[in-house]
1. What pairs can you find where one residue is in the range 149-178 and among the charged types (D, E, K, R), the other is in a loop (DSSP other than H, G, I, E, B) and surrounded by fewer than 19 Cβ atoms within 10 Å (Cβ to Cβ), and their Cβ atoms are less than 8 Å apart, with a gap of 6+ or different chains?
2. Which residue, of Ala36, Ala125, Ala46, is closer than 17 Å to Tyr136 by Cβ, surrounded by fewer than 18 Cβ atoms within 10 Å (Cβ to Cβ) and at pLDDT below 95?
3. Please indicate, with yes or no, whether at least one residue in the range 170-177 is more than 21 Å from Glu99 (Cβ to Cβ) and in a loop (DSSP other than H, G, I, E, B).
4. Read through the list (1) under 25 Å from Ala171 (Cβ atoms); (2) in a strand (DSSP E or B); (3) over 14 Å from the mean Cα position of the chain (by Cα), then give the number of the only condition that Val68 fails.
5. Say we look at the range 111-136 and pick out the residues that are outside any strand (DSSP E or B) and hydroxyl-bearing (Ser, Thr, Tyr); which of these is nearest to the chain's Cα centre (by Cα)?
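The values are calculated or read from the model by the stated rules, or taken from the named source; none is laboratory data. Quick caveat: nothing in here was measured; it's all calculated off a predicted structure. Neighbour counts are summed over all protein chains in view; Cβ atoms, including those assigned to glycine, are modelled from backbone coordinates with ideal geometry.
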Amino acid sequence: MQWRRFVYRTCAFWTLFGLGPVRAETSRDASADLLARVEPCDGPGAHPWLVETRDRLLAEDRLAGHAVQRFGPPLRCEGSIGMEEAGAVFGTVRLGFAEGASLELTTLPPESSILTLRAPQGLGADAEARSLLERYASERGLHVEWDSYEVTQEGDETLHTWWDPDPGLNASVSLLYSQKRLVGLRVSMAL
C-alpha cells in the first residue's frame with residue numbers, strides 16, 4: 001500500500017507540473033527543458049501521438065465529454081512527448097477550455113495514466129462530481145472502496161482520494177479542493 005501511494009504521489013507531482021515521465025535523477029534544468037518542448041496538437045509537424053490522444057479523449061472519454069458539456073469545445077490543445085520506448089509513447093496532452101478549465105492526460109512507463117480535469121472557478125456540487133467519478137471508475141472496471149478516503153495536500157490543494165484495493169491496478173480517484181472549493185477531479189490507474 002505504501003509503495004502504491006508513493007508511486008501515485010510521484011505521478012501526481014509530475015502531472016501537477018506537466019512534466020510527463022521523467023527519471024528520478026532529472027534536474028530542475030532538465031525539467032525546464034521538458035516544459036520548453038510543449039507543442040500544439042495540430043498543424044504540420046504535430047506528433048501523431050498528441051493528435052491521436054486528443055482525438056481519442058474527445059471521442060471516448062467521459063471526463064472529456066463532461067468538460068465539453070460544461071465549458072464548450074476545447075480552445076487549445078498542447079502536449080509533450082516525455083519518452084518513446086519499444087514503440088510506446090509516453091507524454092502529456094492538455095486540452096484548454098473556457099473559464100481556464102483544463103483536461104490533462106499524462107501517461108507514464110511502464111503503463112500508468114493520470115487524467116485530471118481542473119476548473120479554477122469551481123466544478124460545482126461535490127455529489128455530482130463524486131457521481132461522475134463513480135460512473136467513470138465503474139466503466140473502467142475499477143472497484144474503488146468508496147467508504148473511506150485519504151486526505152493529502154498538494155501545494156495549496158487538498159485531495160480526497162479513494163483507492164481500488166487491487167495493487168496491480170494502482171488505481172485511485174480524487175476530488176481536488178482549493179480553499180474548500182471543488183476545483184478538480186483526478187483518475188490515476190494502470191493503462
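1. Hits for this filter: Asp156/Gln179; Asp164/His143; Asp164/Glu145; Asp166/His143.
2. After applying the criteria, what remains is Ala125.
3. The answer is yes; a qualifying residue exists.
4. With respect to (1) under 25 Å from Ala171 (Cβ atoms); (2) in a strand (DSSP E or B); (3) over 14 Å from the mean Cα position of the chain (by Cα), Val68 is out only on (2).
5. Only one residue fits best here, namely Tyr136.
To keep it simple, each residue is scored yes or no on (1) farther than 21 Å from Ser188 by Cβ; (2) surrounded by fewer than 18 Cβ atoms within 10 Å (Cβ to Cβ).
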position: Arg70; (1), (2): yes, yes
position: Arg76; (1), (2): yes, yes
position: Ser80; (1), (2): no, no
position: Glu85; (1), (2): no, yes
position: Phe90; (1), (2): no, no
position: Leu95; (1), (2): no, no
position: Ser102; (1), (2): no, no
position: Pro109; (1), (2): no, yes
position: Leu115; (1), (2): no, no
